[in-house]
Amino acid sequence: MCSHGCSNTNSKISHHLCSKTSFLPHRLDQFFIHVSNSMYNLVTRLQTVSNQALSATAVVSGIIIVLTLIQLVISNVWSIDTTSIQNIKPSASIRNSFNYGSVNRKPKENSKLSFDLDADLSPLFNWNTKQVFVYLTAEYPGKSSGSSNKVTYWDKIIKSKDEAKLHLANQKSKYSVWDVEKSFRGRDAILKLEWNIQPHVGPLIFGETTTTGTFTFADPPKKS
Amino acid sequence: MSALKRTNLNSVVQLRTTVDDNLNTSLSALGYNESFTLIDTKIALGYSTAIIAGGLYFYDKKYGFDETFNLTVVAVLAYFAISGILWYYTSTPQYKNVKYVGFNDKKEKITIATWTSKFEPVYYVQITTSEGQRIDAQFEFMKLFDGMGYYKEEQLTKLIKAELEKVNKKSI
Amino acid sequence: MKVRQQLVQFLNLAYVLSSAFMVWKALSVVTNSHSPIVVVLSGSMEPAFQRGDILFLWNRDQQAHVGDIVVYEIQGKSIPIVHRVLREHHNNEKQLLLTKGDNNAVDDLGLYAKKQGYLNQATDLVGTVKGYLPKVGYVTILLTENIYFRYGILGIMGISSLLTQE
């Protein structure tokens, strides 16, 4: 633990060694030795305590992490099937603001959705769950081969098990989505409900529910 | 000089340090010359780790992480390799706690390792001679210091001399 | 002899500093991140991360995923930011990311450099958050922001170095 030799703090030895001399600090240098000795002991003790605290933190964290993972595997969280994503209605618009992806005021296609969603994410909550971040993503191909995109339409922070059952009807997407390219109308996308467990201590854990939904990016309304 | 300094009688570590620092005096009284090869090797290795770390610190500060990545890899490997060698010379049984290496006029080597345990005021000594003989001895600090904390070096000389004579008698 | 003693004494002090620094650098090399362990300073990811939490980063992922929490740096701005990946667009050559703080109303476009629409996964990330330890980093916040605490610690360390002989 303590990398350097520790001074002794045992009164028996002090007594043994000092048996020929008085303990009373009747001379100033004697007094200084006395003070510096107790300070020295205090510092070495502090060092030992902080070293032990560090090791204890590491061990406790390790145990917590292992127990949490075991519990999540037992609750089978990576195949939650109590989910449905339905009634997906995409819409589109043209935006010219930088905050909606437009560069130099060039028109940029933006996509929104409305959807129904049912999900029971309560298995994700256990004693080491600080929060669950749940997000609805759409994955779709790009123009060139090998290119792919994934965007978030909606997300939510769930802080407790009571809020973990989601029943959303005609929910509007939280974000207005644009692509790297000017337009992405007509492309097919796959919707997924994904989650991220934030533990009180330990690794971030990610997963997705088994249900998917599909839609095609809408054409923006023609200018009248 | 150090013989005039007082040592804190309540700290076993400080008692041991004082005696360790004065081993050379006692052994030269017994006709030994200290050899600094081991300690110089350790100092050289130790300072090369310090130079590597210090150099990397300033190089990294000047050029940033991405620019210096390859050099950082080399420096990290070198640092831990040298630390490993240093560890070999300080912590393997052969070298552990070695405080003194010396030769007498007949070129006979003597190696002295010393240590203390936490709660005992006892100076543990292991003397290894060039014939590979090993002497284990324990000296109480009470015999090596007076009640005020002044070190009595002639006491240690006497004790070591006695231990060495025991072996010589045996070998004869 | 005396010189050697002093050299060794100085070496012991140097070794404390250099070993801490080199372990940090070794961790940097392994994680490929210049700051493999960071302390959260702001509340934009609350309640996931709060001030003083410690994050462990990894920067060897080929690609970031939507939902990952990443630490990124914008050129010309010195403070790294911890936010979640909201979108990713990639082809065979590179990956572009748009991020957002869970607790922020809007995405990070306003935090990026002027006219910068995306982060570049290969060059802008300090790392992806893999693990988390609550509150322990508050010590470093106290060290940088509270002068009484800083000088208190410095004082204790000074006294300890004076009194520790070995």
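Each reported figure results from applying straightforward, stated rules to the coordinates on display, with no laboratory input. Everything numeric here is computed off the predicted structure, so don't read it as measured data. Here the Cβ is made from the backbone with ideal geometry for all residues, glycine too, and neighbour counts use every protein chain on show.
Neighbour counting of Cβ atoms within 10 Å sorts the residues C:I79, A:I157, fewest neighbours leading, into C:I79, A:I157. Peptide B:44-57 shows a mean partner chain C-beta count of 4 within 10 Å per residue C-beta. Among residues other than B:L71 with Cβ under 14 Å from its Cβ, the summed charge is 0 (Lys and Arg +1, Asp and Glu -1).
Calculate, in nm to one decimal, what A:N96 and A:T82 gain on full extension: separation in residues at 0.36 nm each, minus their alpha carbon distance. Here the segment from A:N96 to A:T82 would lengthen by 1.0 nm.
Taking label positions 7 Å along the Cα-Cβ direction at both A:W127 and C:N120, the computed distance is 4.8 nm, reported to one decimal.
Among A:T214, B:T37, a tally of other beta-carbon atoms within 10 Å of each Cβ gives an order, fewest to most, of B:T37, A:T214.
Remark: mean inter-chain Cβ contacts per residue of A:150-157 equal 5, using a 10 Å Cβ-Cβ cutoff to other protein chain atoms.
Computed packing ranks the peptides C:26-38, B:146-158, A:129-141 as A:129-141, C:26-38, B:146-158, most packed first, by mean other Cβ atoms within 10 Å.
Return B:W115, A:W195 ranked ascending by Cβ neighbour count within 10 Å, so the fewest neighbours appear first.
Details: B:W115 15, A:W195 22.
So the ranking, lowest neighbour count to highest, is B:W115, A:W195.
Of the chymotrypsin sites (Phe, Trp or Tyr not before Pro) found in the stretch B:30-100, those in coil by DSSP whose Cβ has at most 14 other Cβ atoms within 10 Å are B:F36.
For the protein assembly as shown, adding -39500 (n - 2.57) for each run of n ≥ 4 DSSP H residues and dividing by the number of residues yields -12000 deg cm²/dmol at 222 nm.
Less than 5 angstrom separates the built amide H of C:Q95 from those of C:Q121, C:A122, all sequence-distant by 5 or more or on a different chain.
Applying a 10 Å radius around every beta-carbon, put B:12-19, C:91-98, B:126-133 in order of their mean neighbour count, most first.
Values: B:12-19: 22.8, C:91-98: 16.8, B:126-133: 13.8.
Per-residue mean Cβ counts within 10 Å order the peptides as B:12-19, C:91-98, B:126-133.
For B:N33 and C:V139, what is the calculated FRET efficiency with R₀ set at 51 Å and r taken between the beta-carbons, to the nearest 0.05? Using R0 = 51 Å, I get an efficiency of 0.50.
Calculate the FRET efficiency for B:D105 and B:I82 from the Cβ-Cβ distance with a Förster distance of 30 Å, rounded to the nearest 0.05. Could you put the intermediate results ahead of the total?
On the way: r = 36 Å, r/R0 = 1.19.
Efficiency for this residue pair is about 0.25.
Taking every residue in C:23-31 and counting other chain Cβ atoms within 10 Å of its Cβ, the average works out to 4. Each label was represented as a point 7 Å from its Cα along the Cα-to-Cβ direction; for C:F21 and B:F58 these points are 1.0 nm apart. For chain C, the longest principal axis of the Cα atoms and the long axis of helix C:2-31 meet at an angle of about 10 degrees. Each label point was placed 7 Å from the Cα along the Cα-to-Cβ direction; for B:E131 and C:I156 their separation is 5.5 nm.
Please give the FRET efficiency for B:K96 paired with B:K5, using the beta carbon to beta carbon distance and R0 = 22 Å, rounded to the nearest 0.05. Efficiency, rounded to the nearest 0.05: 0.20.
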